[in-house]
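The values are calculated or read from the model by the stated rules, or taken from the named source; none is laboratory data. Everything quoted here is computed from the prediction, not taken from an experiment. Neighbour counts are summed over all protein chains in view; Cβ atoms, including those assigned to glycine, are modelled from backbone coordinates with ideal geometry. These area figures cover heavy atoms from the full protein model, side chains too; ligands, DNA and RNA do not enter into them. Shrake-Rupley method; radii C 1.70, N 1.55, O 1.52, S 1.80 Å.
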Amino acid sequence: MKHNKIRIAILGSTGSIGQQALEIIQKHNKLFEVVLLSGHSNWQLLDEQAKTFNAKHAVLTGFENNNARKQIGDPAKTRTYIDPYILNELVNLPEIDIVLNSLVGFAGFFPTYHALKAHKKVALANKESLVVGGAIISELLTESKGSLIPIDSEHSAMLQSLIGEKKEDIEEIIITASGGPFRSLSLEQMHDVSVEQALQHPNWSMGSKITIDSATMMNKGLEIIEAHWLFDLPIEKITPVVHPESIVHSMVTYCDGSTKAQLGPPDMKVPILYALSYPRRLPLNSSRMDWSQINKLHFEPVDYSRFPCIELAIDSVKMHKGGPAILNAANEIAVTHFLEGKIKYIDIAKVIERCLNQIQFNSILSYDSLVELDQQTRDYARTICQHGTY
Ligand code: NDP
Ligand code: MG
C-alpha cells in the first residue's frame, strides 16, 4: 500500500531537538506523520506527545522507570515499550520511512546502526554515532539502501554548500564555532567558572550535554570528526574558525578559490526540516535575517591553549581506530561529573587526555569491540574523576 505521508520515528522526542522536530511536523502535518516517539526519563512529556501525535509506538528507555509507568499515551492507539534496547528492533518497522535520531551520547549509535542496516533514511542529530562508530557506519552505508542526512547545523550547511560540486574539487571545509560562553575568558578566569555559567550559551538553546561541549569547544572537535566521516574527507581538510554571531553555519572552499556558505539565523528548525525534506526545501515560518542591518560578521582563529578539547578530538582520530571512542566516552563521563559539581570545568580536558594516554586499543574495530572499549573507558574515567587522579 502506498502511503501519502512520510512516516517518522523520533528517537529522543523529549529532548531539545526532538521537541523542535515535533513542532515542525505539526506545521507540516499534511506531509509528515509521527509513528514512533521515545524518551528516556521524561515520561510525562512523552505521554503528552504520544497523545497529541497519536503515535503508534512510544518507547521509554530509562530503566529506572520500569515500574513508574506502564502505559504511555492512549492505550487504544499507542503501544508502550519500557525497554532500554527495543529501539534497535523497532527502527526496522516497515511503517517507518525516516528515523530521526536525536538521542544524546553513545546510546544513539546503536539505533543509527540498526536503522541503516534496515535500509532506512536516518536524519541524524546524534553526532556521537559518527564520532564513535564512523568507520563502521561508513562501511554499512556502502551496502545499505538507506542514507544519512545530518541535522547538525554546520553539517547541514556543508551539505548545502556541496550540492552540484565534485568531491575532488574541495580544497577545505571551514567549520564555524560560536566559541561558546567562555570565548573571551583567559585561562586563569576559566579556573573558577560555574556549571550555571557554562550552561549559558550565547546563541543556541540546547540540551545540557551539548551546551557544556560548546563551552569546552569539544562540540567543535566532535563535529570535525563527524564531518570527516560524513563527507569522507581527511581530518586536515576540515578547519575550525570562531564566528561568534553563528550566522555563517559553515563554508566550503573549492580549488578555484571560491567559497560557498550557508547563512541564516541560529535556529535548529531550519536544518531539522531540511534533513526531513532533503533534497527538497519546504517553507518555514522562522525568523529572517535583515541583511541591511548586519554591519559586520566576525571570524577569528581557535585558541587551542584555552580550548584543548578541540585539539584532543583532532588528535584522537590520528591515534588509532579506537581513539574517538575513548575521547567520546571520557568526555561523556567528565561532563556528567562536571554537571554534578564533582570536577571543575578545566578538569574535563584533563580527564579526556589521561584516558587517551592510558587506554590501549589493539582489537579490530567492530560493533562489539567498540562497546567494550566504551565501557572500559567509562569505568576508568569514573575512577579517575572520583579519586581526582586525572
Ligand atoms: P537533550 O538532552 O535535550 O535530549 C536528549 C534526548 O535523548 C532526550 O529525549 C532524552 O530523554 C534522551 N536520552 C537521554 N539519555 C538517553 C539514553 N541513555 N538512552 C536513550 N535516550 C536518552 O539533547 P539535545 O536534543 O540537545 O541533543 C540531542 C543530540 O543532538 C546530541 O547528540 C547533540 O549533540 C545533537 N545536537 C543538538 C543540537 C541542539 O541544538 N540541541 C544541535 C546539534 C546537534 P529524556 O529527556 O526523556 O530523559
Ligand atoms: Mg552544531
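Selection among ALA330, SER316, SER287 by position relative to the dipole of region 278-352 gives SER287 as farthest towards the positive end (Cβ unit charges, Cα centre). If R0 is taken as 51 Å, the Cβ-Cβ distance between TYR254 and LYS77 corresponds to a FRET efficiency of 0.50. Got a sec? Which residues in region 305-342 would a label at GLU372 touch, if it sits 7 Å along Cα→Cβ and we count backbone N under 18 Å? Those under the cut-off are 320-327, 329. Based on C-alpha pairs under 8 angstrom that are at least 6 apart in sequence, region 176-250 has a relative contact order of 47 percent.
Overall, region 48-133 carries a charge dipole of about 140 debye about its Cα centre when +1 sits on the Cβ of Lys and Arg and -1 on the Cβ of Asp and Glu, all other atoms neutral.
Only Cα pairs under 8 Å and 6+ residues apart enter the sum, and on that basis the relative contact order of region 5-109 stands at 32 percent. The distance between label points at ILE346 and TYR304 comes to 2.0 nm (points 7 Å beyond Cα on the Cα→Cβ vector). Considering only SER363, SER277, LEU162, the residue lying farthest towards the positive end of the dipole of the chain is SER277, judged by Cα position with unit charges set on Cβ. Normalising the average separation of contacting C-alpha pairs (under 8 angstrom, six or more residues apart) by the number of residues puts the relative contact order of the chain at 14 percent.
Spin-label pair LYS166-GLU143: with each label point 7 Å from Cα along the Cα-Cβ axis, the two points sit 3.2 nm from one another. Note that region 292-301 has calculated 3J(HN,Hα) couplings of 5, 9, 8, 7, 8, 10, 9, 9, 8, x Hz, one per residue in order, obtained from phi through the Karplus relation 6.51 cos²θ - 1.76 cosθ + 1.60 (θ = phi - 60°); glycine and proline are x.
Modelled this way, with points 7 Å down the Cα-to-C-beta line, the labels at ASN285 and GLN26 are 1.1 nm from one another. The reciprocal of the average 1/r between distinct C-alpha atoms defines the Kirkwood hydrodynamic radius, which for the chain equals 21.5 Å.
How about region 226-282: which trypsin sites (Lys or Arg not before Pro) there lie in a loop by DSSP and see at most 16 other Cβ atoms within 10 Å?
On the way: sites: LYS237, LYS260, LYS269, ARG280, ARG281; in loops: ARG280, ARG281.
Taking region 226-282 and a limit of 16 other Cβ atoms within 10 Å, the loop trypsin sites (Lys or Arg not before Pro) found are ARG280, ARG281.
Within the same chain, aspartates and glutamates fewer than 8 places from LYS296 are excluded, and of the rest, those with a Cα less than 18 Å from its Cα are GLU245. Here the 3J(HN,Hα) profile of region 92-99, calculated from phi with Karplus coefficients 6.51, -1.76 and 1.60 at θ = phi - 60°, is 6, 3, x, 7, 9, 9, 10, 9 Hz, Gly and Pro shown as x.
Placing unit charges on C-beta atoms (Lys and Arg positive, Asp and Glu negative, everything else neutral), compute the dipole magnitude of region 150-251 about its Cα centre in debye, rounded to 20.
So the dipole magnitude of region 150-251 works out to roughly 160 debye.
For the chain, give the percent of accessible area contributed by carbon and sulfur heavy atoms, probe 1.4 Å, rounded to a whole number. The computed percentage sits at 50.
Decide, for region 95-187, between rounded, prolate and oblate: order the square roots of the alpha carbon gyration tensor eigenvalues as a ≥ b ≥ c, take rounded if a/c falls under 1.5, and otherwise choose prolate if a/b is larger than b/c, else oblate.
Oblate shape, in that a/c is at least 1.5 and b/c is the bigger or equal ratio.
Debye-formula intensities of region 170-314, expressed as log10 I(q)/I(0) at q = 0.15 Å⁻¹, are -0.87 (one equal scatterer per alpha-carbon, no solvent).
Taking only the Cα atoms of region 276-348, the ratio Rg/Rh comes out at 1.17, with Rh defined as the Kirkwood radius.
Partner lysines whose Cα lies under 27 Å from the Cα of LYS166, excluding those fewer than 8 positions away in the same chain, are identified as LYS120, LYS121, LYS127, LYS145, LYS220, LYS237, LYS260, LYS318.
What you get for region 91-227, charging only the Cβ of Lys and Arg (+1) and of Asp and Glu (-1), is a dipole of about 380 debye around the Cα centre. Per residue, the chain reaches -12500 deg cm²/dmol at 222 nm when only DSSP H runs of four or more residues are counted, each adding -39500 (n - 2.57). Over all distinct Cα-Cα pairs of region 15-85, the Kirkwood formula returns a hydrodynamic radius of 12.2 Å. These residues, TRP229, TRP291, TRP204, go from largest to smallest accessible area, 1.4 Å probe, as TRP291, TRP229, TRP204. When both region 167-223 and region 300-372 are represented by their alpha-carbon centers, they are found 15 Å apart. With the gyration tensor restricted to C-alpha atoms of region 1-150, the semi-axes of the equivalent ellipsoid amount to 23, 18, 13 Å, longest first.
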